[in-house]
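**Student:** Let me give you the structure first, and then I'll get to my questions.
The values are calculated or read from the model by the stated rules, or taken from the named source; none is laboratory data. This one's a predicted model, so the numbers in the text were calculated from it and none came from an experiment. Cβ atoms come from the backbone with ideal geometry, glycine included; neighbour counts cover every protein chain shown.
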Amino acid sequence: DLDLPDISVAHSNLTVLEGGNVTLSCNGSGSPVPEVDWTVNGLHSINTHQSNVYWPNIHSINLTLVNVSRDDNGFVLTCISENVVGMTNVSLQLAVLFPPVILRLDEPERRHHTCIEFTVRGFPHPTLRWFRKGHEILQSEYIRMEMEHYQDYLEGCLTFQNPTHYDNGNYTLVASNSLGSVTKTIYGYFLEPPFIEDEGKLFNCLFTFVMSIAVGLAGFGFVFLIVIFVLINKYSRRNKFGIKGPVAVISGEEDSASPLHHVNHGIVTPCSLEAGPDAVIIGMSRIPVIENPQYFRHGHNCNKPTTYVQHIKRRDIVLKRELGEGAFGKVFLAECYNLSPTKDKMLVAVKTLKDPTLTARKDFQREAELLTNLQHEHIVKFYGVCVDGDPLIMVFEYMKHGDLNKFLRAHGPDAMILVDGQPMQPNGELGLSQMFHIATQIAAGMVYLSSQHFVHRDLATRNCLVGNGLLVKIGDFGMSRDIYSSDYYRVGGYTMLPIRWMPPESIMYRKFSTESDVWSFGVIMWEIFTYGKQPWFQLSNNEVIECITQGRVLDRPRLCPKEVYDLMLGCWQREPQQRLNIKDIQKVLYALGKATPVYLDILG
Ligand code: AMP
């Protein structure tokens, strides 16, 4: 007559409000009548109380929990029934309901943290909402909440993607469940506001200042302005083709005080640096601009015999179709006769400049000389000019696949065309080995430019060209600002800066150098590995300036191997001297490219 114990449990309610009571009853039957017991080790609720009742062949034990604690939420209560034959047990889980509490809400550590960390407790799990300036923050790719659920804890982060000083402010967390709601606010301070002159204000100040002087000195000023006007006309050489040719500073090692091509109207004739800086007009102010000391200093132009630019006859150029439009005129595909000794005619790209002034003509000539002198397999080939009549024409080798930025986008995951209403990937995605190949070629072009002490100042994928067989060349020296105008930031009246490609010293002090070109090369690598995304696409120009000047760098692209991101970080060292050298970068890229298997061979 020996029997294994049988067990049954009964309870009032296992889901209980914090502070409430629970009674559980466990009945063990069997032969012989078993011992029955509740295991309560580790239980936090006070006043645990057990009472035994014996029936003829049942042993019953009641457990009462009084003033149930939230710390017992999820606690597993086990009843054990045992006799000489063996043991049986049964388990129940307690659920304790309580209103939410915010245990932790941390201010982000300035500059280093991009998230507000929190820990909230409550059961049932509270819902969390964030508010700023009285408005609920809706989740987006820029601000999102990430959290983990534990028994009755929620732990996580309100994460910001590249926050700026616009994100500084009070953030309120509201946690609610069916039992209540709790609120806590902290101040999120992500970045200091930038110390950038408000160009608009500066312009207004200068304007007011100049106007009051002009009114005061009306009579005299009139004569004075005429003199200045005559002088500017005489000396100023507006660089219509925007070539950054000779651009830098006259004294010291640093580069120009002026930002980019459009303001390189400075007039320093080659070999006449002693003549001192000329000036360029930005808004109403005149800012000294000295052109290209490095370039001239190291034997270009000064020591070289005069450059003879090849002249091409207009009748030898037959326009075929428009390829694009730059800041200074249209670009056409054309056939050019009598250019090559081996071919009767060849395809070329011609850049046109319509209705040039006398100054523009002189610039044109000078820029043609500069391009004639820059010859390298990874710099687009310049064939010559056509200046008999209007428009003025520069003739370049034709690069079949156009600019590199367009090319990257066309070979990225988002490139789709519709075929019979169905989306199709038209070109095939670029693989890693192709990306290395592209980057290595641009680096090779840059090694050449730096050997010529030539500072480009606007290196970006939009200024590189792609030819047959994935041949890539640095192909533009400042004409793409119209098509890609969102890549540039207008300061004052005329200046357009490619700030997203610029290092802090160029943004803050308008210093350009071979090292600032290296920074831009880091951004080019980022563009390549993101299939042509705009750097900091999610930020406004002011926010970009703020991020870069305060030491933020672009995130690692999803596809980018660690070794390449390390190279990018090497290009984005804050101190120009600490940046990698372009020769070393080229070597590493070449080695990485060789070690990477060719996944997909696009383009013959
Ligand atoms: P750019 O004025 O140099 O920015 O040229 C405007 C557009 O014309 C570029 O975005 C290219 O798509 C195209 N283009 C410029 N130069 C060439 C070239 N040498 N070969 C083929 N396309 C070119």
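**Student:** If Tyr54 satisfies all but one of (1) farther than 20 Å from Asn21 by Cβ; (2) hydroxyl-bearing (Ser, Thr, Tyr); (3) surrounded by 13 or more Cβ atoms within 10 Å (Cβ to Cβ), what's the number of the condition it fails?
**Tutor:** All conditions pass for Tyr54, except number (3).
**Student:** Further question: Suppose we filter Val309, Val318 for residues that are away from the ligand (no atom under 15 Å from the Cβ), in a loop (DSSP other than H, G, I, E, B) and either over 35 Å from the mean Cα position of the chain (by Cα) or closer than 25 Å to Phe454 by Cα (or both); which single one remains?
**Tutor:** Val309
**Student:** Another question about this same structure. Report the residue count in segment 470-504 for those that are at pLDDT 75 or above, assigned to a helix (DSSP H, G or I) and either within 14 Å of the ligand (Cβ to nearest atom) or under 16 Å from Ile379 (Cα atoms) (or both).
**Tutor:** Number satisfying all stated conditions: 1.
**Student:** Same structure, new question: Run Ala10 past the list (1) surrounded by 19 or more Cβ atoms within 10 Å (Cβ to Cβ); (2) under 30 Å from Tyr153 (Cα atoms); (3) of a type in the set (Gly, Ala, Ser) and report the number of the one that doesn't hold.
**Tutor:** Ala10 satisfies all of (1) surrounded by 19 or more Cβ atoms within 10 Å (Cβ to Cβ); (2) under 30 Å from Tyr153 (Cα atoms); (3) of a type in the set (Gly, Ala, Ser) except (1).
**Student:** Of the residues Glu546, Glu527, which is touching a residue at least 24 places away in the same chain (Cβ under 8 Å), farther than 29 Å from Lys400 by Cα and not in a loop (DSSP other than H, G, I, E, B)?
**Tutor:** Matching residue, one of Glu546, Glu527: Glu546.
**Student:** Quick one: which of Ser12, Ser60, Ser51, Ser31 is under 29 Å from Phe123 (Cα atoms) and polar (S, T, N, Q)?
**Tutor:** Result: Ser12 is the single residue among Ser12, Ser60, Ser51, Ser31 that is under 29 Å from Phe123 (Cα atoms) and polar (S, T, N, Q).
**Student:** If you don't mind, there's one more thing I want to ask. Please work out if Met446 is buried (at least 22 other Cβ atoms within 10 Å of the Cβ) and modelled with pLDDT of 95 or more.
**Tutor:** Considered against the rule, which asks whether it is buried (at least 22 other Cβ atoms within 10 Å of the Cβ) and modelled with pLDDT of 95 or more, Met446 comes out as yes.
**Student:** Answer with yes or no whether Lys362 is surrounded by fewer than 20 Cβ atoms within 10 Å (Cβ to Cβ), near the ligand (Cβ under 9 Å from one of its atoms), assigned to a helix (DSSP H, G or I) and touching a residue at least 60 places away in the same chain (Cβ under 8 Å).
**Tutor:** no
**Student:** Scan segment 165-205 for residues that are assigned to a helix (DSSP H, G or I) and either modelled with pLDDT under 65 or of a type in the set (A, V, I, L, M, F, W, C) (or both) and report the count.
**Tutor:** Qualifying residue count, segment 165-205: 7.
**Student:** A further question follows. Taking the stated definitions as given, is Asp388 surrounded by fewer than 17 Cβ atoms within 10 Å (Cβ to Cβ) and not in a strand (DSSP E or B)?
**Tutor:** Answer is yes for this residue.
**Student:** Out of Leu554, Leu559, Leu569, which single residue is within 21 Å of Lys533 (Cβ to Cβ) and assigned to a helix (DSSP H, G or I)?
**Tutor:** Leu569
**Student:** Which one of Leu138, Leu128, Leu77, Leu65 is exposed (fewer than 14 other Cβ atoms within 10 Å of the Cβ) and free of Cβ contacts under 8 Å to residues at least 60 places away in the same chain?
**Tutor:** Exactly one of Leu138, Leu128, Leu77, Leu65 is exposed (fewer than 14 other Cβ atoms within 10 Å of the Cβ) and free of Cβ contacts under 8 Å to residues at least 60 places away in the same chain, namely Leu138.
**Student:** Would you point out the residue of segment 390-402, among those that are within 9 Å of the ligand (Cβ to nearest atom) and in contact with a Phe, Trp or Tyr (Cβ under 9 Å, 6 or more places away or on another chain), that is farthest from Lys351 (Cα to Cα)?
**Tutor:** Ranking the qualifying residues of segment 390-402, first place goes to His401.
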